[in-house]
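The structure under discussion appears below in the form of structure tokens.
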Amino acid sequence: SQTIHQWPATLVQPVGSPLSLECTVEGTSNPNLYWYRQAAGRGLQLLFYSVGIGQISSEVPQNLSASRPQDRQFILSSKKLLLSDSGFYLCAWGEGGMNYGYTFGSGTRLTVV
Amino acid sequence: GDSVTQMEGPVTLSEEAFLTINCTYTATGYPSLFWYVQYPGEGLQLLLKATKADDKGSNKGFEATYRKETTSFHLEKGSVQVSDSAVYFCALSLGAQKLVFGQGTRLTINP
């Protein structure tokens, strides 16, 4: 069966420090992969999605970036964190068809101090 | 553009009450529709879905019917429990790449 792993679960980072969040998927090949952010008490904001290795689409201009170095690995990065980057980051994968929806990871709570 | 609108939260109910969370959508084609649930501190889980008009999705006592004529997909449950307390997200999918989510509705059930 397919599983999705996301880590770390929680992270406290100072302003200006770098960030790397990792997401891996097992049990499927060539998945569509997504990074979402959920600010406190708010909805989901799509940050990036990828339909294949090295293919990244950005939805929102910001100081974050994403990479997909392997088929089932999706990384969210920043060179210098801002206070406004605090939030709950969710990775998800989808089979690519419109009827299937997504499977989400358990999330990373990032607090920038 | 395509969008999903959910009823404003938070919603607070007593145990065994009837639940309705409204969801309406705007889309240029015929989307698939989804309800996701997020329990405190966790990621989202797919609760139910419907892929064409008049389909009814159901799971764990929750139901939602795809109404093309009113562009709606309201979530209902006949008797809620404390364990149903969570944030509920309505979403639509039109193409291969992206789901569009509503803003979420926080539900609290009091014993």
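Only residues that are crowded, with 21+ Cβ neighbours inside 10 Å and more than 11 Å from chain A (Cβ to nearest Cβ): list them for segment B:4-24, please.
B:Ile21, B:Cys23
Considering only segment A:46-80, state which residues are within 14 Å of chain B (Cβ to nearest Cβ), surrounded by fewer than 13 Cβ atoms within 10 Å (Cβ to Cβ) and within 27 Å of B:Gly102 (Cβ to Cβ).
If the condition is that a residue be within 14 Å of chain B (Cβ to nearest Cβ), surrounded by fewer than 13 Cβ atoms within 10 Å (Cβ to Cβ) and within 27 Å of B:Gly102 (Cβ to Cβ), then A:Val60 is the only one that fits.
Against the condition among the polar types (S, T, N, Q), in contact with a strand residue (DSSP E or B) (Cβ under 6 Å, 6 or more places away or on another chain), more than 15 Å from B:Thr20 (Cβ to Cβ) and open to solvent by less than 30 Å² (accessible area, probe 1.4 Å), how does B:Ser72 come out, does it pass?
Criteria not met by B:Ser72.
State all residues of segment A:87-113 that are buried (at least 19 other Cβ atoms within 10 Å of the Cβ), among the hydroxyl-bearing types (Ser, Thr, Tyr), more than 7 Å from every other protein chain (Cβ to nearest Cβ) and farther than 17 Å from A:Ala66 by Cα; if no residue qualifies, say none.
A:Thr103
The values are calculated or read from the model by the stated rules, or taken from the named source; none is laboratory data. Since the model is a prediction, treat every value here as computed from it, not as a measurement. As a convention, Cβ positions derive from the backbone with ideal geometry for all residues, glycine included, and neighbour counts pool all protein chains shown. For the accessible areas, the whole protein counts, side chains as well, though only heavy atoms, and no ligand, DNA or RNA atoms are used. Shrake-Rupley method; radii C 1.70, N 1.55, O 1.52, S 1.80 Å.
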